[in-house]
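The values are calculated or read from the model by the stated rules, or taken from the named source; none is laboratory data. The shown structure was predicted, so the numbers you read here are calculated from the model rather than taken from an experiment. With ideal geometry, Cβ positions are generated from the backbone for all residues, glycine too; neighbour counts draw on all protein chains shown. We work out accessible area using only protein heavy atoms, side chains counted, and drop any ligands, DNA or RNA first. Shrake-Rupley method; radii C 1.70, N 1.55, O 1.52, S 1.80 Å.
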Amino acid sequence: MTGKRKVFFGIAAVFLLLQFLQPTRNNGGDPRHIKFLHTFPVPENVGKILSNSCFDCHSNYTKYPWYTMIQPFGRWMGSHIAEGKSELNFDEFDSYSNRRKMSKLKSISSSIEDRSMPLPSYTMIHQSTKLSAKEQKIITDWASAVLDSLEKKDNR
Ligand code: HEC
């Protein structure tokens, strides 16, 4: 074999081997079961936007795009999910302390306003998860209303 061929087959072999190492998945399933949507005042339009644009990385339910069956894309997605969930998991939002809830609501608004969320590397591939200006406002208005109500509770 020539050197170039060796490199090619080497890369192909690594790629094939990677396919056998599928990362564990974030169950898939039905995001309508997310507790947060039922225990918190979440209007339907807010719930829809969150589940379309945020739940893939911030809940226990991910709608996996087909290409995540192929490695290393699945791993890449998996690491976003693990990191995203550790920062904010809507499935566990209920159990956060009041202080944590408030700080997360603030960072929801700020991350949407500065467009760091949903992750730009994700919206690039998933145009449908991008938020329009109107959708951004729906979420930030909602987040500040919930924040207000929590602050009142806190001061009582
Ligand atoms: C493709 C995965 C992905 C999507 C989709 C996504 N996020 Fe994130 N999110 C992450 C990752 C990874 C982090 C942690 C690293 C960082 O902050 O960049 C994060 C961090 C955050 C944080 C920071 C938490 C903190 O306490 O500072 C907030 C808030 C957040 N995301 C909100 C959202 C909202 C709201 C949406 C939907 C509009 C969304 N994210 C969509 C992956 C994602």
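In the chain, the calculated helix contribution to ellipticity at 222 nm averages -19000 deg cm²/dmol per residue, counting -39,500 (n - 2.57) for every DSSP H run with n ≥ 4.
When all protein chains stay in place and ligands, DNA and RNA are ignored, the 1.4 Å accessible-area order of Trp66, Trp76, Trp142, largest first, is Trp66, Trp76, Trp142.
Accessible surface for Phe73 stands near 100 Å², nearest 10, in the context of the full protein assembly shown (1.4 Å probe). In this simple spin-label model, placing a label point 7 Å from the Cα along the Cα-to-Cβ direction at both Lys106 and Ser86 gives a separation of 2.3 nm. Normalising the Debye intensity of the chain to I(0), with uniform scatterers on Cα atoms only, and taking log10 at q = 0.09, 0.17, 0.18, 0.20 Å⁻¹ returns -0.37, -1.00, -1.10, -1.30. With all protein chains in place and a 1.4 Å probe, the accessible surface of the chain carries 61 percent carbon and sulfur. Solvent-accessible surface of the chain, averaged per residue with a 1.4 angstrom probe and all protein chains in place: 63 square angstrom. The lysines whose alpha-carbon is closer than 20 Å to the alpha-carbon of Lys134, local same-chain residues fewer than 8 away aside, are Lys48, Lys106. Looking at segment 1-70, the pairs of alpha carbons with a distance over 16 Å make up 61% of the total. When we measure straight from the Cα of Lys85, which aspartates and glutamates land under 18 angstrom away, once same-chain ones fewer than 8 places off are left out? Cα-Cα hits under 18 Å: Asp30, Asp56, Asp94. Residue order by solvent-accessible surface for Asp94, Asp114 is Asp114, Asp94, largest first, with ligands and nucleic acids left out and a 1.4 Å probe.
Given a 1.4 Å probe and the protein chains as shown, Glu113 ends up with an accessible area of around 130 Å². In summary, the helical segments of the chain meeting the span-like criteria, namely a full DSSP H run, a Cα extent along the axis of 24 angstrom or more and a mean Kyte-Doolittle hydropathy of at least 0.0, are 3-20.
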